[in-house]
Amino acid sequence: MSADAHAVHHTVTGIDNRKFGMWVLIGSECFLFGALILNYLVNRDRGLVGPKATDIFNIDITTLSTFDLLMSSVAMVLALHACQHREIKKFRFWTAMVILGGIIFLGFQYFEFHHFIHAGLGLTTNVFGSSFYLLTGCHGTHVFFGVLWLTSMLVTSFIRGKEWFPSVQLEVAGLYWHFVDVVWILIFTVVYLFVYL
Amino acid sequence: MAKCLPNTGVISWITTVDHKRIGIMYAVSAFFFLLCGGIEALLMRTQLAIPNNTLVTAGTFNSLVTMHGTTMIFLFVMPLSAAFFNFLTPLMIGAPDVAFPRMNALSYWIFLFGGLLLNFSFVVRLAPDGGWFNYANLTGKAFSPSHAIDFWVFGVQILGLASLIAAINFLVTILNMRCKGMTLLKMPIFIWTTLVTQVLLILALPVITVALVMMTFDRTFGTGFFDPAGGGQVIMWQHFFWIFGHPEVYILILPAMGIVSEILPTFSRKPLFGYTVMVYSSCAIGFLGFAVWAHHMFTTGLGPWAQALFSAATMLIAVPTGVKIFNWISTLWGGQIRFTTAMLFAMSFIAMFTFGGLSGVMHSSPPIDSQHQDTYFVVAHFHYVLYGGAVMALFGGIFYWFPKVFGYYLHEGMGKAQFWLYMLGFNLTFFPMHFLGMQGMPRRVFTYAGDQGWNLWNLVATSGSYVTALGGVMFVVNIVYTMATKKKKAPADCWDGRTLEWSLASPPPEYNFAVDPEVKNLDDWWHQKYTHDGRRLTPRYQPDVDPATKHLPHPSFWPIILAAGLEIVAIGFFFDEVGHYISVAGLVVTLLATYGWIFEEA
Ligand code: HEM
């Protein structure tokens, strides 16, 4: 990607501008998800009709998808490591693994939503459902953009050839990916585990 | 493609990524929207001049209130502040440009399209009418079935995105691109208030984003977040709105405070009194700004604990604010004051803002607030801080930096005439509103009966608004006259200034600094000109070099295309049957533009 030309740009903090920008965006996203989680907590037990959380959650399946997403973060670390050490095969392989992890997670989410809708919880059934879909849907959208982003980098890698090692860009994408993972851990705890308190 | 784009003409402005040009475009757009918001205000005041007036209908009045408030806040004060951030930030910190030049262009175009979308509602006769805080459940499908509210929801959503992108950009620029020697506590005070403003934007905007998405879902997909019938809660909108909305008012006032803190020292020939304390109090204001939102909701029945805490927090904010006011006054104390137009505006800011602050701290007490809520007293209060405060300071900034931006001084005589028309008109309009409020005149009413004792003050207020409008005309004449005659050319350091932008030619060259600056002191430019005992030194002005020797970011079409893509996504929501095709088409444009952007040579 073109920004390479400026990769060694002097900055005051020594942190690359793009990386710094991502950190700032993450700060903003904390408030975005904070608001969504708060809204969910307020509305969790306020549904007047339709199923409640305890009726439909399937903790086993969600644990599995959480595990999958966490593993994709491990792959992300390995991909970045390979990129920084200029090992093209490993870089491509682990990036592909991250993408795969993301896609599997999205698959889980698709089936979860599908299952819930069959169980009678649509987007508009009650405020619990609306808040749930808004929160997890927003997270899913973030995963989707991450998948799109990393796929674009992988494709670019094949176009640009074996000498292209976008360490900074991958690190920025990695920051994003890890953040989205961390948010999921929070959602998993607050949405899926608190039900059993 | 980027390399062969021209340097002058319309295309060059559409594709520019130069922070100085983007700043100018922000300012021009903001003044266009000021005209819109001003006309709306005059219509309202004309309607209210006499009792039982029938100039506009109740429905139209609702739209006028809503669009006036929304326009003044999101389309005038915020973008005009952004114009100052854009033009000044790199110059004041000694940087070649902002951290992400193309993103800077992107945020401008998103803002412009958002503003146009909002105002397009007038063309299709569906101007939003839910007030500038758009309270649920009045704005739900049940009570507002037409697309009017959607214009507001999507307009504000788009404007928020523009501000968020800009905020990330400026935050990174300020923290990462300062010149050699400029530690945090050597930054000009305007840069500090800019920094705090960006932090507020970054943390407050996502909250309104979420609230607007929820409202979109309620209105478009039939969820019931704000609908008690299905277990939702109306009050949630108020909480979300004000968690954003209160930081928002500091987002409006902090840049103005920064501008005033730059103007006062220059025209008093004294350093800013208590610079460090000014920095800390700006941070304190920013921090406390997040802890007081519920003072907008005292009458909703929050309960004694919440009321007590929010009341105390609100009073606490008066402390750092008071510190600032004393610092400004101490800056003037003993100075060699030059009463330029910019200085007059800056000094009036101190007085008017203090006034608005005093009426503000009055409603931090819940029992008193329950008398003020939704009366003209509140209208008087927030116009004193927003207009007497923010807008006066912004005009001061215009007079102060205009010669730097365009190379010519604005006409001082006309400037002073404008200033006095503003002062007179403004106080005539808004001072009597305190009385009206105390006498119980509610806000947002389109007319009133003649036997309430409100007639006189309403007439006075309306006449005042026309005086203000005259001041506005004076400003336009001044600009046109200055640019047409180009009489008084401004030298580089036209006011004997203190910060780095005055070491550059007026207007500054495209590449900003020919030689990377290095600073040793706060107000470094001043210390290059004078010794401590006041002897004159010969400062080193920035030399002129061949622009070809400087690496500049290339102009680009992608920002405007990407912004257009996002706008199309929003437009899709206004069409019932083909709507989703339009939105998807917009997404495709956005995506293609993103890829075009990434693979373009920056
Ligand atoms: C000559 C200048 C101005 C005049 C005559 C004026 C007049 C008015 C009037 C008549 C209202 C409606 C009050 C009501 O019925 O409740 C209003 C509301 C408002 N104005 Fe202004 N105004 C002026 C300038 C400004 C400026 C510069 C700002 C902000 C920077 C501003 C911000 C607002 C806001 C936020 C509202 C509240 C809208 C709402 O209730 O939703 N105004 N103004």
Single condition B:Trp152 does not satisfy, out of (1) buried (at least 24 other Cβ atoms within 10 Å of the Cβ); (2) in contact with a Pro (Cβ under 8 Å, 6 or more places away or on another chain); (3) closer than 20 Å to A:Leu32 by Cβ: (3)
Lone qualifier among B:Ala380, B:Ala461, B:Ala393, B:Ala449 - being touching a residue at least 60 places away in the same chain (Cβ under 8 Å), more than 9 Å from the ligand (Cβ to nearest atom) and buried (at least 21 other Cβ atoms within 10 Å of the Cβ): B:Ala393
B:Phe221 hydrophobic (A, V, I, L, M, F, W, C), within 15 Å of A:Ser131 (Cβ to Cβ), at the interface with chain A (Cβ under 7 Å from one of its Cβ atoms) and in contact with an Asp or Glu (Cβ under 6 Å, 6 or more places away or on another chain): no
B:Thr46 within 12 Å of the ligand (Cβ to nearest atom) and surrounded by 20 or more Cβ atoms within 10 Å (Cβ to Cβ): no
Scope the range B:117-143; condition farther than 20 Å from B:Phe33 by Cα, surrounded by fewer than 20 Cβ atoms within 10 Å (Cβ to Cβ) and more than 15 Å from the ligand (Cβ to nearest atom); matching residues: B:Asn137, B:Lys141, B:Ala142, B:Phe143
Where B:Lys141 falls short, out of the listed (1) within 30 Å of A:Gly27 (Cα to Cα); (2) within 14 Å of chain A (Cβ to nearest Cβ): (1)
Any hit, the range B:2-9, residues being closer than 29 Å to B:Val445 by Cβ and away from the ligand (no atom under 11 Å from the Cβ): no
Residue among B:Ala585, B:Ala548 that is loosely packed, with under 10 Cβ neighbours inside 10 Å and in a helix (DSSP H, G or I): B:Ala548
Selection count, the range A:112-135, where residues are more than 14 Å from chain B (Cβ to nearest Cβ), part of a helix (DSSP H, G or I) and in contact (Cβ under 8 Å) with a residue 12 or more places away in the chain: 4
Those residues of the range B:17-34 which are touching a residue at least 12 places away in the same chain (Cβ under 8 Å), out of contact with any helix residue (DSSP H, G or I) (no Cβ under 7 Å at 6 or more places or on another chain) and within 15 Å of the ligand (Cβ to nearest atom), in sequence order: B:Phe31
Qualifying residue in the range A:53-68 (condition: in a loop (DSSP other than H, G, I, E, B), within 14 Å of another protein chain (Cβ to nearest Cβ) and either closer than 23 Å to A:Gly122 by Cβ or free of Cβ contacts under 8 Å to residues at least 24 places away in the same chain (or both)): no
Single residue of the range B:209-218 satisfying the filter (more than 9 Å from chain A (Cβ to nearest Cβ) and surrounded by fewer than 24 Cβ atoms within 10 Å (Cβ to Cβ)) that is nearest to B:Thr173 (Cα to Cα): B:Leu212
Only one of A:Phe113, A:Phe67 that is crowded, with 16+ Cβ neighbours inside 10 Å and among the aromatic types (Phe, Trp, Tyr): A:Phe113
Some residue of the range B:475-493 being within 15 Å of the ligand (Cβ to nearest atom) and more than 14 Å from chain A (Cβ to nearest Cβ): yes
Matching option when the condition is over 29 Å from B:Trp502 (Cα atoms) and in a helix (DSSP H, G or I), among B:Val361, B:Val391: B:Val361
Residue within the range B:432-441 that is in a helix (DSSP H, G or I), assigned by TED's automatic domain parsing to the domain that holds B:Met347, more than 12 Å from the ligand (Cβ to nearest atom) and among the aliphatic types (A, V, I, L, M) present: yes
One residue from B:Phe406, B:Phe399 being surrounded by fewer than 20 Cβ atoms within 10 Å (Cβ to Cβ), more than 15 Å from the ligand (Cβ to nearest atom), under 22 Å from the mean Cα position of the chain (by Cα) and in the same structural domain as B:Ala27 (by TED's automatic domain parsing): B:Phe406
Which listed residue, of B:Leu195, B:Leu252, B:Leu203, is facing chain A (nearest Cβ under 7 Å) and within 28 Å of B:Pro90 (Cβ to Cβ): B:Leu203
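May I ask you to say which residue of B:Phe402, B:Phe349 is in contact with a Leu (Cβ under 6 Å, 6 or more places away or on another chain) and farther than 30 Å from B:Leu309 by Cβ?
Being in contact with a Leu (Cβ under 6 Å, 6 or more places away or on another chain) and farther than 30 Å from B:Leu309 by Cβ holds for just one of B:Phe402, B:Phe349, which is B:Phe402.
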Failed condition for A:Gly27, given (1) surrounded by 14 or more Cβ atoms within 10 Å (Cβ to Cβ); (2) more than 25 Å from A:Trp177 (Cβ to Cβ); (3) at the interface with chain B (Cβ under 10 Å from one of its Cβ atoms): (2)
Enumeration of residues in the range A:33-52 that are buried (at least 20 other Cβ atoms within 10 Å of the Cβ), at the interface with chain B (Cβ under 7 Å from one of its Cβ atoms) and of a type in the set (A, V, I, L, M, F, W, C): A:Ala35, A:Leu36
Hey, B:Phe87 more than 11 Å from the ligand (Cβ to nearest atom) and more than 14 Å from every other protein chain (Cβ to nearest Cβ) or not: yes
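Considering A:Val49, A:Val74, which residue is at pLDDT 95 or above and hydrophobic (A, V, I, L, M, F, W, C)?
Exactly one residue qualifies, and that residue is A:Val74.
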Inter-residue pairs, beta-carbon under 6 Å, first under 10 Å from B:Arg444 (Cβ atoms) and in the range B:61-72, second near the ligand (Cβ under 6 Å from one of its atoms) and among the basic types (Lys, Arg), 6+ apart: B:Val65/B:Arg444
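The values are calculated or read from the model by the stated rules, or taken from the named source; none is laboratory data. None of these values were measured; they are calculated from a predicted model. A quick note on method: Cβ atoms are made from the backbone with ideal geometry, for glycine too, and the neighbour counts reach across all protein chains shown.
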